[in-house]
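Colleague: Before I ask anything, let me first share the structure, which is written out below as structure tokens.
The values are calculated or read from the model by the stated rules, or taken from the named source; none is laboratory data. For clarity, every value in this text was computed on a predicted model and none was experimentally measured. Here Cβ is always computed from backbone atoms with ideal geometry, including for glycine, and neighbour counts include all displayed protein chains.
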Amino acid sequence: MVLRHADPIADAAGCAAVYAHYVESTVISLEAVPPTPEEFIQRMTRISERYPYLVAEEDGQIVAFAYGSLHRERSAYRWACESSVYVDHTQRGRGIGRALYTTLFDLLRRQGLQIVCAGITLPNEASVAIHESFGFEPVGVYRRIGWKAGAWHDVGWWELDLVPPVTETPPEPGPPIRLDER
């Protein structure tokens, strides 16, 4: 298995295929319609300008992806981001998500980010377990925030300090760090 930075044009179809299962068959993603590869190209390009976007590839196929993304627009939030990881549903339980998150969090830390947040549609024991295994702590729940599959769903929020809290203004976060810069 190879972990690498995503190439939006080359990897969009593979990432879209992994993600489609979660949109079509679960409430893990609260999207109603799976994004097309073209939509994935746009998303991946936009996100990659500011945060790492990683893929796991095995035998030439994308089997998982993970990325950091904007938490909120206001400038005071610039040291915080959100994280997401999606593993092909036939490949779960092999440690691929853990490998991606380990690499992603290292890159985000080196980039100068302080906090990572994760929103998890509840219930989702597997996602809660992986996040808490990294040290994420629950910070709240948006009740009945998403309607999908004929029911309301809660979204829990977890938070991870990438670095110890500081009391002075930290250095500005830099551009995404590349794997070859670690």
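Colleague: Hey, any hits in segment 23-30 for a residue that's more than 30 Å from PRO165 (Cα to Cα), outside any helix (DSSP H, G or I), more than 14 Å from the chain's Cα centre (by Cα) and in contact (Cβ under 8 Å) with a residue 12 or more places away in the chain?
Modeller: Scanning segment 23-30 turns up at least one residue that is more than 30 Å from PRO165 (Cα to Cα), outside any helix (DSSP H, G or I), more than 14 Å from the chain's Cα centre (by Cα) and in contact (Cβ under 8 Å) with a residue 12 or more places away in the chain.
Colleague: Can you tell me which residue in segment 70-98 is nearest to VAL166 (Cα to Cα), limited to those that are at pLDDT 95 or above and of a type in the set (Asp, Glu)?
Modeller: Here the residue is GLU82.
Colleague: Just give me the residues in segment 116-163 being of a type in the set (Val, Ile, Thr) and either closer than 21 Å to TYR86 by Cβ or touching a residue at least 60 places away in the same chain (Cβ under 8 Å) (or both), in sequence order.
Modeller: VAL116, ILE120, THR121, VAL128, ILE130, ILE145, VAL155
Colleague: Additional query: Filter segment 82-100 down to residues that are part of a strand (DSSP E or B) and of a type outside the set (D, E, K, R) and give me whichever is surrounded by the most Cβ atoms within 10 Å (Cβ to Cβ).
Modeller: Across segment 82-100, the extreme among qualifying residues is SER83.
Colleague: Given (1) over 27 Å from GLY156 (Cβ atoms); (2) modelled with pLDDT of 95 or more, where does LEU30 come up short, assuming only one miss?
Modeller: Answer for LEU30: the failing condition is (1).
Colleague: While we're on this one: Would you mind telling me which numbered condition in (1) under 15 Å from PRO176 (Cβ atoms); (2) out of contact with any Phe, Trp or Tyr (no Cβ under 6 Å at 6 or more places or on another chain) THR102 fails?
Modeller: For THR102, the exception is condition (1).
Colleague: Here is a check on your reading of the model: is GLY140 of a type outside the set (D, E, K, R), crowded, with 19+ Cβ neighbours inside 10 Å, assigned to a strand (DSSP E or B) and at pLDDT 95 or above?
Modeller: no
Colleague: Residue check: is LEU113 buried (at least 17 other Cβ atoms within 10 Å of the Cβ) and touching a residue at least 12 places away in the same chain (Cβ under 8 Å)?
Modeller: So LEU113 fits the description; yes.
Colleague: For the condition crowded, with 17+ Cβ neighbours inside 10 Å, over 21 Å from LEU104 (Cα atoms) and not β-branched (Val, Ile, Thr), what is the one hit in PRO35, PRO8?
Modeller: Only one candidate passes the filter, namely PRO35.
Colleague: Kindly evaluate THR103 against the criterion of being at pLDDT 95 or above and in a strand (DSSP E or B).
Modeller: no
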